[in-house]
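The structure appears right after this line, and notes come after that.
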Amino acid sequence: MKLHTSKLNISIGKIKAGFFYKVYHVFKDKFSEDLKKKLSGAIDSAIFTGDLGQQYIDHHNKILYIGIGDEKKISLRKIAGIYIKLGEQLIKWKDLGLEIYVGELTTKFKPELISYQLANSLEIGAFPVDSLSKSYREKQINPGKIGIVFETSHEEKEGAKGIEKSKVVSRYLNAARYVEHLPANHFTPEEFVSRSKEIAKENKLKITVFDEPQLKREKLNGILSVCQGSDKKPKMIIIEYTPKNPISKEKLAIIGKGLTFDSGGISIKPSADMHEMKYDMCGAAAAIHAIGAIAKLGLRVPVIAAIGVAENMPSSNAIKPGDVYTAYNGITVEVQNTDAEGRLVLGDVMAYVTKKYKPEYMVDLATLTGAVIIALGHEAAGVMSNSAELTAYIKSASETSEDRVWELPLWEEYGEDLKSDIADIRNIAGVGRGAGTLSAAQYLQKFVEGDVKWAHIDIAGTAWRSKPSGAQCSGPTGYGVRLLVDLVEELEHKKSGKN
Ligand code: BES
Ligand code: MG
Ligand code: ZN
C-alpha cells in the first residue's frame, strides 16, 4: 500500500515558464484607491471588497486577488483555511500554475511559517480523500507549478525552509488522511501492519510487530480483550527512530489508539453514526505517520511510536460487561462498559512502553471520548498532562502547527468513581456521570509507570469533521501529524539550549 499524496510542485520564487496566474492578497481595510481603480474597469468594486476568502479573477492580466479580511484579525489559521480551498480549486483548474506574492503577510508572520502553512494547506486541499469513488479513479490531476514569492532574499531563504518542511510533512499528513478515510473492510489490523512496515522501510526504522501469540505471551490482555469478539487479530506495533546525531538520549514515546472499528462491542453503540467509528484509528494513524515525517526530516530527538490495533465487535466470544481481566501491569479491570475500549488498549501499550523503553516524555493520541466533543466541539483537542513542562511544549507546537489543543485538568478527584467492588478498578466512572474525558484520563494515568512526563490528547473531536476550519479540512484531518512534528522540534530546540 503506497503512501498517497498530492501532485503539487511548490517552490520559492517566480515561475519561469508555463501557464500561470499571479496571486495577490488584499486586506479589506487596506483596499487602496489604486487597486479599486484597476478592478473597477472589469468589476464593480462593491463586489470585491477584500473580505476574508473572497476571490476576484482578472483574466485579462492573469491575476487572482484574494481577500484576507481585516488586518487586525488576520491569523495564520485564516490564511491556511483560504489556501486549503485554493488547493481544492487548483485540481479543478488542472494545469494552471500560481505565482503567490506574500509580501503583505511578512509584516505579520515569519516567512518560514507562512510558506509552511501555505504549502501544507494547498497540499491538503489538492488531495481529496475519496479513493473508492468513480470520480477519484477517473481523475487526471496534473497541476501547474506553484511559486511563493517573497520580497527579500533573506525572506526567501527563510521561506524555503518552510517549503522543505512541508514537502515532508504534507506527504505523511495526506498519507495519514488517506488511511483514515478507508473503511474498516479496507483497512484492517493487518493493513495497519503493512502500512507501518512501509513507513519503517522507507526511513530505515526498526519495527516490531506483536501478533496474537506475542500479545498472549506478554499478557497484553487489554488489547486481547477488546478484540475478542472480532475475527480479526489484534496487534501492537512499535516503530523506533534513533537519529544519527541525537541531541540527547532521552526519548519521546508517541502512543496511538488504533481501533479499526468500534461498534461498542456488547455495549453496542446506537446505529445512527456508528459508521464514523471507522475513524477510531486516527490516533494510531497520526502516530505512525508522524514518526515517518520526524525521521525523514532528520529531527535530532529519539522517538518511538507504539500503537495498539484492534476491532471492537459483539459476538459470543466478545468480552461481556462485568468481565474482569488482568492488564499488562497487573491491575485487574472490571469492564462495565465494553464501549470504553480505547483505554483498555492504550493502558497496555502505555504500561509496556514505559516499562521497556523508559521514555522521558510520552504523548498519547486517542479518539477516546464523545465527551470531549461536548467540551470543545471540533475546534481543539483536549490535553491533560502530569507535566507543566510537556504541556508548555505541546501548547507552543499547537500554535505553530495550527493543530489546536486546549488544556483540561488531570485532577485525581475525577478518578474517584473508577473503583470496582470486585476488581482493582472498573473502566467507567458510572452511568451518566459528567466529565467523561477527565475520568478517562484518570484511568489512563494508572498505566503510566515511574516518573515519565505524560500527556493525553483526546482527539475525538478533531480527528475528522464535517466542515473545514482554519488549517483543518473537512473529513479526516490527519490531526496530530503536524502537532507531533512541531513538538519534536520544540524538544530539539530545548535540548540544544536554543530556548
Ligand atoms: N471511540 C469512542 C469515542 C468517540 C465517540 C469518538 C464519538 C468520537 C466520536 C470511545 O471508544 C467510546 O465509545 N467512548 C465512550 C466512553 C463511555 C462508554 C464511558 C463514549 O465516549 O461514549
Ligand atoms: Mg468505544
Ligand atoms: Zn473507541
- Message: Which of rounded, prolate or oblate describes the chain when judged by the alpha-carbon gyration tensor and an a/c cut-off of 1.5?
- Response: prolate
- Integer Hz, Karplus 6.51/-1.76/1.60 couplings in order for the range 52-65, x for Gly and Pro: 3, x, 5, 10, 9, 9, 9, 5, 4, 9, 6, 10, 10, 8
- Contact order relative to length of the range 9-178, as percent, for alpha carbon pairs under 8 angstrom and 6 or more apart: 31 percent
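Estimate the FRET efficiency between GLU190 and GLU33 by the formula 1/(1 + (r/R0)^6), using the beta-carbon distance for r and 60 Å for R0, to the nearest 0.05.
Working: r = 64 Å, r/R0 = 1.07.
Plugging the Cβ-Cβ distance into 1/(1 + (r/R0)^6) gives 0.40.
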- Counting only heavy atoms of protein chains, what accessible area per residue, in Å², does the chain have with a probe of 1.4 Å? 41 Å²
- Query: What ³J(HN,Hα) values, in whole Hz, does the Karplus curve 6.51 cos²θ - 1.76 cosθ + 1.60 give for the range 353-366 when θ = phi - 60°, with x put for Gly and Pro?
  - Reply: 5, 5, 6, 7, 10, 6, x, 7, 10, 9, 10, 10, 10, 8
- Query: Tell me, what ³J(HN,Hα) does each residue in the range 221-233 have, in order and in whole Hz, if you take phi through Karplus 6.51 cos²θ - 1.76 cosθ + 1.60 with θ = phi - 60° and put x for Gly and Pro?
  - Reply: 6, x, 5, 5, 4, 5, 8, 3, x, 9, 7, 7, 9
- Task: Mind checking which of PRO270, SER398, LEU220 is farthest towards the positive end of the range 182-496's charge dipole, using Cβ charges of +1 (Lys, Arg) and -1 (Asp, Glu) about the Cα centre?
- Result: LEU220
- Any chance you could look up the accessible area of CYS473 with a 1.4 Å probe, heavy atoms only, rounded to 10 Å²? 10 Å²
- Query: With every protein chain kept in the model, how would you rank ILE428, ILE57 by accessible area, 1.4 Å probe, largest at the top?
  - Reply: ILE57, ILE428
- Relative contact order, percent, of the chain when contacts are C-alpha pairs under 8 Å separated by at least 6 residues? 15 percent
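Can you work out the FRET efficiency for the pair HIS493 and SER420, with r the C-beta to C-beta distance and R0 = 45 Å, to the nearest 0.05? Display every interim value, and only then the final one.
Working: r = 44 Å, r/R0 = 0.98.
Calculated transfer efficiency: 0.55.
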- Query: Any idea of PHE261's accessible area? Nearest 10 Å², probe 1.4 Å.
  - Reply: 40 Å²
- Query: Accessible surface of ILE207 in the full protein assembly, 1.4 angstrom probe, to the nearest 10 Å²?
  - Reply: 50 Å²
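Could you tell me which of the pairs LYS108/LYS249; LYS22/LYS139; LYS167/LYS355; LYS92/LYS296; LYS206/LYS269; LYS201/LYS453 are separated by over 28 angstrom between their Cα atoms in the structure shown?
Working: LYS108/LYS249 37 Å; LYS22/LYS139 26 Å; LYS167/LYS355 35 Å; LYS92/LYS296 31 Å; LYS206/LYS269 37 Å; LYS201/LYS453 30 Å.
Going by Cα-Cα distance, LYS108/LYS249; LYS167/LYS355; LYS92/LYS296; LYS206/LYS269; LYS201/LYS453 fall outside the 28 Å limit.
In the chain, what percent of the accessible surface is made up of carbon and sulfur (1.4 Å probe, ligands and nucleic acids excluded)? Don't jump to the answer; show the numbers that get you there.
Values: 10380 of 20570 Å².
Result for the chain: 50 percent of the exposed heavy-atom area is carbon or sulfur.
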- Task: Could you tell me which of TYR414, LEU438, THR477 has its Cα farthest along the dipole of the range 411-499 towards the positive end, charges placed at Cβ (Lys, Arg +1; Asp, Glu -1), taken about the Cα centre?
- Result: THR477
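The values are calculated or read from the model by the stated rules, or taken from the named source; none is laboratory data. All of these numbers come straight from a predicted model, not from anything done at the bench. With ideal geometry, Cβ positions are generated from the backbone for all residues, glycine too; neighbour counts draw on all protein chains shown. The protein model used for the area step is the full one, side chains on, heavy atoms only, and it has no ligands, DNA or RNA in it. Shrake-Rupley method; radii C 1.70, N 1.55, O 1.52, S 1.80 Å.
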